[in-house]
Amino acid sequence: MPNSYQNVLAFLFAIEEINKNPHLLPNISLGYEFHNFIYSHWRMLENSLVLLTGQNEIPNYSCGKRRKSTAVLTGASWATSVQIGTLLELYKFPQVTFGSFDPMLRDSGQFPSVYQVAPKETSLALAMVSLMLHFRWTWVGLVIMEGQKGHQFLLDVTGEMDRNKVCVAFVKMVSSALVSYMALTKEHIILTKEISQVKVVVIYYDTDFLNDVNYSLENSIVMDKVWVTNSQWHADMTGKNFVYNSFHGAFILSNHHEKISGFQTFVQEANPSKYPKDLYLTMFWFQNFHCSFSDPDCSLNDCTPNASMTWLPVNRFDTAMTDWSHNTHNAVYAVAHALHEMLLQQAQRPSLGNQEGMMFSPWQLHPILKSMQFINPVGELVNLDESKKLDVDYDIVNFWNFPEGLKVLVKFGTFTRDSPHGLQLSLSDDMIEWATGITETPQSVCSESCHPGFRKTSQEGKPVCCFDCTACPENEITNDTDMEECVKCPDDQYATVQHNHCLQRSVTFLAYEDPLGKTLAGTALILIVITVTVLGLFVKHRDTPIVKANNRALSYTLLISLTCSFLCSLLFIGHPNTANCILQQTTFGVVFTVAVSTVLAKTITVVLAFKVTAPGRRMRQLLVSGAPNYVIPICSLIQLTLCGFWMGTSPPYIDTDAHSEHGHIIIMCNKGSLTAFYCVLGYLGSLALVSFTVAFLSRNLPDTFNEAKFLTFSMLVFCSVWVTFLPVYHSSKGKAMVAMEVFSILASSAGLLGCIFVPKCYIILFRPERNFLHGFRDKTHLAKSKNIIS
């Protein structure tokens, strides 16, 4: 049984309810007459004139027959309401429509006699978009009927989609006029091409438009699509054996209504005996209960005994009230309440002497209908005043199509407009029967979601829902899907390899417990022991020629400064603090200056020793007075001045490095002023270069214990280490930078120790026969003889 006939039953049910109600129109029975407005403009107008005049052969001419109709209820199609309304307005005849709310009919200037019972649908777009957001559908197509109502919905739904970042895959505006089969086929081809790119399509329609789209898509066998539409689906419920229905699993948003008590029983008890003049009901009985027609009066015979509509399956006869049936019920009550109010007003006025009692013209209902509002039998507020109409809540229904033509509408959710944002939609996902070919919640997206660790990158010239996924840069993360920007981890945290969350960095430094720290500290301690041992050996053999030959005081000073240099390297290992950072650089600079200036003093001593061999030389006085020894305090004072300036302007401080080692924060000493640091190194380099030059020039001087060549080689090692240090230091980071500085200190100090003192220790320990003064003299005499001969 089609849904349109249910409107008739809802109309009859309301009439009977009102006639039995002692409080509404008491002692008055409502009557009615039906006129079938078929889809033909001239037939529609002809039937309207018959309704108005009561004349069949001569329309628009009254032959004295009194018209008893006071209002007209028109169907769900807005086109019908508009065409009939234009004619009824000539007679000021009230027209109450039970179709869905249409903004076009609100124009009181063009349609002053048209009243809409249906509530507003301004939240329909929000309800549909909420449904999209619930299932994370961001790529949706729109098929919308042409006309003012369709364009208004298009503006509403695209606005909501834009606000919620849901993209429109396509918009297809389809004419609501009836078209030929070839036109329908062409339309079907266009729609099939466009809907192939999406999984979800919204269809917004009215009754005229629905039949076209329904037929077009039914015949195209479009499966694995989810259809979202705006009212109860007007599917053919006559038992078509077609399992793979295109609309199986469709989502339908229908107005929420309370259940009207007694309506289902009323519909089930309807039969031809109760309504003998209802030809449609008679034909329906004939088709479903094996009846036959008698020849004389076409009455039904031989029907199944005690036949009732309760015997029929739901696909043949659905008793669930549709939106339009509910509106029909409310429309009848609206007219009844208006008549009741009119009668109350007339009863309060003095009698006008009308012989036929309280009679009035239909136009007199207009003032009452314009402001009409009442509570219907189920407690809902019905308002005909356009300015006071409320929006409506929605039931979300799933359309099921099973074998043997069994088609069912199953409610699985609601949308409540007045609930807090985010709580308006309530669904039971487990009740959903998805479209054919879909086994789980479908994904309708232009691009697959970007997983944590990636961010969305827009595709040029495409909607925001179409994007590429780009991995997050170093130390940045995304911890959710489809994030547009990566978030940088705090300095004390670092990004995982997957770039999906931050982990706490562990604090580290060049510690004694580290393998590298252990190695460097152990090396420093060994070199300290060796240096102290050498110093002890020199003290023990202080009276031997090899110790006395080159100023043993300078040797002691050099050994002590080398010991301090090795100890200085230990300041770079361990947890840094402010004191350590300052001591590292000042101690390093001063101690190394003492060591290098001592080497310079020793070199100058060697040169002066050979310059004073001739009597009367002024150099003898310099050597005897110990002038070379003054080189050490003078050079050290200059270095102390540089270090003092450094400490006073921009001293070293504790710094952190979160970039050198993944997952670690390195605590280290920052040099403060790099300029001052390089000045200290430059000064050391200058001293080393002067020492190297002087030693190199005196390398061929004859002496058994002449150490000029060893001093030359030691300065060569020293300069090589620190020249290599500069580029390597700048290319290192974190602990490697500190370790490089410690290694350079140890290597350069060890070079001085090894090149200057190892040969002397070798003679003292393993070649004592060479540690005598006569050897020195014999070698000197031999050298002089060679010079005389030459």
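So that you can scan it fast, the table gives a plain yes or no per residue for (1) out of contact with any Phe, Trp or Tyr (no Cβ under 9 Å at 6 or more places or on another chain); (2) under 16 Å from Asn255 (Cβ atoms); (3) of a type in the set (A, V, I, L, M):
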residue	(1), (2), (3)
Thr97	no, yes, no
Pro103	yes, no, no
Ser108	yes, no, no
Phe111	yes, no, no
Glu121	no, yes, no
Leu124	no, yes, yes
Ala127	no, yes, yes
Met132	yes, no, yes
Restricting to region 555-585, count the residues that are touching a residue at least 40 places away in the same chain (Cβ under 8 Å), assigned to a helix (DSSP H, G or I) and surrounded by fewer than 21 Cβ atoms within 10 Å (Cβ to Cβ).
6
Got at least one residue in region 265-282 being at pLDDT below 80, of a type in the set (S, T, N, Q), out of contact with any Asp or Glu (no Cβ under 9 Å at 6 or more places or on another chain) and assigned to a loop (DSSP other than H, G, I, E, B)?
no
Quick one: Met104 ticks every box in (1) aliphatic (A, V, I, L, M); (2) under 30 Å from Leu339 (Cβ atoms); (3) buried (at least 17 other Cβ atoms within 10 Å of the Cβ) bar one, so which box is it?
(3)
Residue under question is Thr478, and the condition is that it be over 21 Å from Leu131 (Cβ atoms) and of a type in the set (S, T, N, Q); does it hold?
yes
Among the listed residues Phe725, Phe718, which satisfies the condition of being among the aromatic types (Phe, Trp, Tyr) and in contact (Cβ under 8 Å) with a residue 60 or more places away in the chain?
Phe718
Got at least one residue in region 111-122 being surrounded by fewer than 20 Cβ atoms within 10 Å (Cβ to Cβ), part of a loop (DSSP other than H, G, I, E, B) and at pLDDT below 80?
no
Of all residues in region 706-732, which are of a type in the set (Gly, Ala, Ser) and surrounded by 14 or more Cβ atoms within 10 Å (Cβ to Cβ)?
Ala708, Ser714, Ser732
Where Thr481 falls short, out of the listed (1) under 30 Å from Leu752 (Cα atoms); (2) among the hydroxyl-bearing types (Ser, Thr, Tyr); (3) within 17 Å of the chain's Cα centre (by Cα):
(1)
Across region 667-678, the tally of residues that are in contact (Cβ under 8 Å) with a residue 12 or more places away in the chain and either of a type in the set (Val, Ile, Thr) or farther than 16 Å from Gln584 by Cβ (or both) stands at 1
Residue pairs qualifying under the 9 Å Cβ cut-off, at least six apart or on distinct chains, with the first in region 421-435 being within 11 Å of His134 (Cβ to Cβ) and the second being exposed (fewer than 11 other Cβ atoms within 10 Å of the Cβ), are Gln424/Asp418
Give me the residue from region 455-486 that is assigned to a strand (DSSP E or B) and in contact (Cβ under 8 Å) with a residue 24 or more places away in the chain and, out of that set, nearest to Asp162 (Cα to Cα).
Lys456
Has region 66-88 got at least one residue that is modelled with pLDDT of 80 or more and either in a loop (DSSP other than H, G, I, E, B) or not assigned by TED's automatic domain parsing to the domain that holds Met342 (or both)?
yes
Among the residues of region 74-101 satisfying the criterion of being touching a Ser or Thr at 6+ places or on another chain (Cβ under 7 Å) and of a type in the set (A, V, I, L, M), which is surrounded by the fewest Cβ atoms within 10 Å (Cβ to Cβ)?
Leu87
Given the residues Phe566, Phe572, which is the only one that is on the phi < 0 side of the Ramachandran plot, within 60 Å of the chain's Cα centre (by Cα) and modelled with pLDDT of 90 or more?
Phe566
Looking for something buried (at least 19 other Cβ atoms within 10 Å of the Cβ), of a type in the set (Ser, Thr, Tyr), assigned to a helix (DSSP H, G or I) and modelled with pLDDT of 85 or more - is there at least one such residue anywhere in region 749-759?
yes
Mind listing whichever residues of region 363-388 are exposed (fewer than 15 other Cβ atoms within 10 Å of the Cβ) and aliphatic (A, V, I, L, M)?
Ile375, Val378, Leu381
Qualifying positions in region 410-441 - closer than 23 Å to Asp482 by Cβ, modelled with pLDDT under 90 and surrounded by 15 or more Cβ atoms within 10 Å (Cβ to Cβ)
Ile438
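The values are calculated or read from the model by the stated rules, or taken from the named source; none is laboratory data. Please read all numbers here as calculations on a predicted model, not as lab measurements. No Cβ is skipped: glycine too gets one built from the backbone with ideal geometry, and neighbour counts run over all protein chains shown.
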